[in-house]
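Throughout, read-outs are computed from the coordinates displayed, never taken from laboratory work. All figures in this text were calculated on a predicted structure; none of them were measured in a lab. Counting neighbours? That spans all protein chains shown, and the Cβs are built from the backbone with ideal geometry, glycine included.
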Amino acid sequence: MRRATGARTSELTFDELQIALYVARGETNRDTAVALSVRPGSIEGHLQRIYRKLGLRSRTELSETLRRRTEAHHTAMRRPGLD
């Protein structure tokens, strides 16, 4: 299995990324399903694809991966003198 260190969130579809962001914030499958107007079982299927694409095994790893990606993005977007 691929490890998260080589994971690319750009491999995710729009729907998968939306679901990943909800789950990374701590939302349950049910809450995510309600927010996106889909069945909770649909969320589980998407999560399995997300985990496979990113080489992850859990919600915790997903949250950590997205947190690191967000921090790296914000760091890269900072310009000297604007902090």
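Numbers below:
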read-out: Exposure proxy ranking, count of Cβ atoms within 10 Å, fewest first, for SER10, SER42; value: SER10, SER42
read-out: Cβ-based exposure ranking for VAL34, VAL23, in which fewest neighbours within 10 Å come first; value: VAL34, VAL23
read-out: Neighbourhood net charge (14 Å Cβ-Cβ; Lys/Arg +1, Asp/Glu -1) for SER63; value: +2
read-out: Viscosity 1.567 mPa s, 4 °C: Kirkwood-radius Stokes-Einstein D of segment 10-77 over Cα pairs, µm²/s; value: 107
